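Heads up: the structure comes next, in structure tokens.
The values are calculated or read from the model by the stated rules, or taken from the named source; none is laboratory data. Computed from a predicted structure; not experimentally measured. With ideal geometry, Cβ positions are generated from the backbone for all residues, glycine too; neighbour counts draw on all protein chains shown.
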Amino acid sequence: MRVAVFGASGYAGLELLRILLRHPRFELVAVTSEQRAGQRVGEAFPALRGQLDLVFQASDPGRLAEGIELAFTALPHAAAAPTVAALRRAGVAVADLSADFRLRELPVYETWYGAHAAPELLGKAVYGLPELHREALRGAELVACPGCYPTAALLPLAPFLRAGLLETAGLVVDSKSGVSGAGRKLEAGLLFAELDENARAYQVAAHRHGPEIEQEASRAAGEAVRLTFVPQLIPTIRGILTSVFCRPKRGLTSDAARALLAEAYREEPFVRVLPAGETPSLSAVRGSNFCDVAAFADERNGTLVLLSALDNLVKGASGQAVQCANLMQGLPEQSGLLEAALAP
């Protein structure tokens with residue numbers, strides 16, 4: 001199956017190239033980058049030298065659509081929508097990694113991102129979290145791949161919401177992310193000298209991923225869920241470590257909470273429920289499509305603490321996009337994705 005990656009020179013785009021090179025059924029035939037158009041991939045990024053004999057092209061979705069069946073769009077928010085719309089008009093299936101089609105309601109999108117360039121497609125995309133929406137992803141033509149923070153929060157949280165075990169107000173999501181989550185850009189707060197040996201919260205209770213988490217948590221619960229989201233930057237390149245603090249409606253032990261997670265993800269290929277007493281770590285998931293989850297009950301204070309770790313560029317972005325694309329095309333879900341973590 002002939003595929004293209006639009007926006008292939010960003011961190012998520014490069015991760016897509018790395019994964020697609022080992023995919024048994026996808027043939028990568030075109031890559032785009034406005035900044036690097038005309039440059040060979042291996043010249044721009046020596047890690048791919050000798051592995052990918054393609055030249056970056058300027059984005060022309062109408063022309064490129066003629067030679068592909070599937071596209072991954074790893075473009076910035078707002079910039080992705082026009083490309084996605086053009087590809088869909090040409091009949092190309094799209095897995096979109098931007099935020100342009102994740103939110104289901106136009107007013108909510110406009111509040112957080114501004115005007116939408118293709119509002120007619122907003123409600124037609126399937127939210128691409130396979131563990132929650134697998135059946136809807138099978139045969140889908142447009143998938144909105146989730147944000148990295150929402151994936152990290154929803155995977156440990158959703159089983160408890162579906163079971164009706166939690167109070168749906170007052171939840172707190174605290175996520176610590178590596179700097180690659182901000183993308184490749186020059187910004188003072190992302191410089192090595194500013195972030196090394198440092199950590200800081202940012203956009204507290206005002207991050208764009210907050211309403212996305214609430215949207216999907218509410219769908220899982222069957223009622224409105226309200227939460228406070230606190231993202232933090234830590235001095236590492238990859239990975240998100242998330243803690244979710246919530247209140248059970250009735251007493252819940254750590255063993256019972258872990259058993260619920262284990263049952264929910266018993267058949268899932270990429271969610272690993274950790275043994276009792278073990279907590280997730282970034283080194284165990286770095287470079288892989290796995291998400292490790294755990295649950296601890298603070299019975300003295302009536303609080304449930306849910307934990308997760310994932311690689312923001314893989315399960316939080318490009319790996320998840322390929323996982324969705326496999327489902328879209330009727331392929332084995334693990335195709336191209338069974339890579340062990342980069343340890344040490």
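Within region 86-103, being in contact with a Gly (Cβ under 9 Å, 6 or more places away or on another chain) and either assigned to a helix (DSSP H, G or I) or modelled with pLDDT under 95 (or both) holds for ALA86, LEU87, ARG89.
If we only count helices (runs of 4 or more DSSP H) wholly inside region 124-238, which ones have 1 or more residues that are closer than 30 Å to ALA44 by Cβ and more than 19 Å from the chain's Cα centre (by Cα)?
Ranges flagged: 192-195.
Residues that are buried (at least 19 other Cβ atoms within 10 Å of the Cβ) and either modelled with pLDDT under 95 or more than 25 Å from the chain's Cα centre (by Cα) (or both) are absent from region 71-81.
In region 245-266, the residues that are closer than 14 Å to ALA294 by Cα reach residues that are assigned to a loop (DSSP other than H, G, I, E, B) and aliphatic (A, V, I, L, M) with C-beta atoms within less than 6 angstrom, at least six apart or across chains, in these pairs: ARG258/ALA276. Taking region 243-264, which residues are hydroxyl-bearing (Ser, Thr, Tyr) and more than 18 Å from the chain's Cα centre (by Cα)? Listed by number, the residues that qualify are THR253, SER254. In this structure, is VAL244 surrounded by 17 or more Cβ atoms within 10 Å (Cβ to Cβ) and not in a loop (DSSP other than H, G, I, E, B)? Here the answer is yes, as VAL244 does meet what is asked. With the condition kept exactly as written, say whether any residue in region 293-309 is within 13 Å of the chain's Cα centre (by Cα) and within 28 Å of ARG102 (Cβ to Cβ). Yes, region 293-309 has at least one match. Would you pick out the residues in region 317-328 that are of a type in the set (Gly, Ala, Ser) and in contact with a Lys or Arg (Cβ under 9 Å, 6 or more places away or on another chain)? Result: SER318, single match. Only residues that are within 23 Å of VAL314 (Cα to Cα) and surrounded by 11 or more Cβ atoms within 10 Å (Cβ to Cβ) were counted across region 180-190, and they come to 6.
Residues in region 227-252 that are farther than 15 Å from ARG162 by Cα and either in contact with a helix residue (DSSP H, G or I) (Cβ under 9 Å, 6 or more places away or on another chain) or among the small types (Gly, Ala, Ser) (or both): 18 in all. The strands (runs of 3 or more DSSP E) found wholly in region 250-341 and carrying at least 1 residues that are surrounded by 24 or more Cβ atoms within 10 Å (Cβ to Cβ) occupy 291-298, 303-310.
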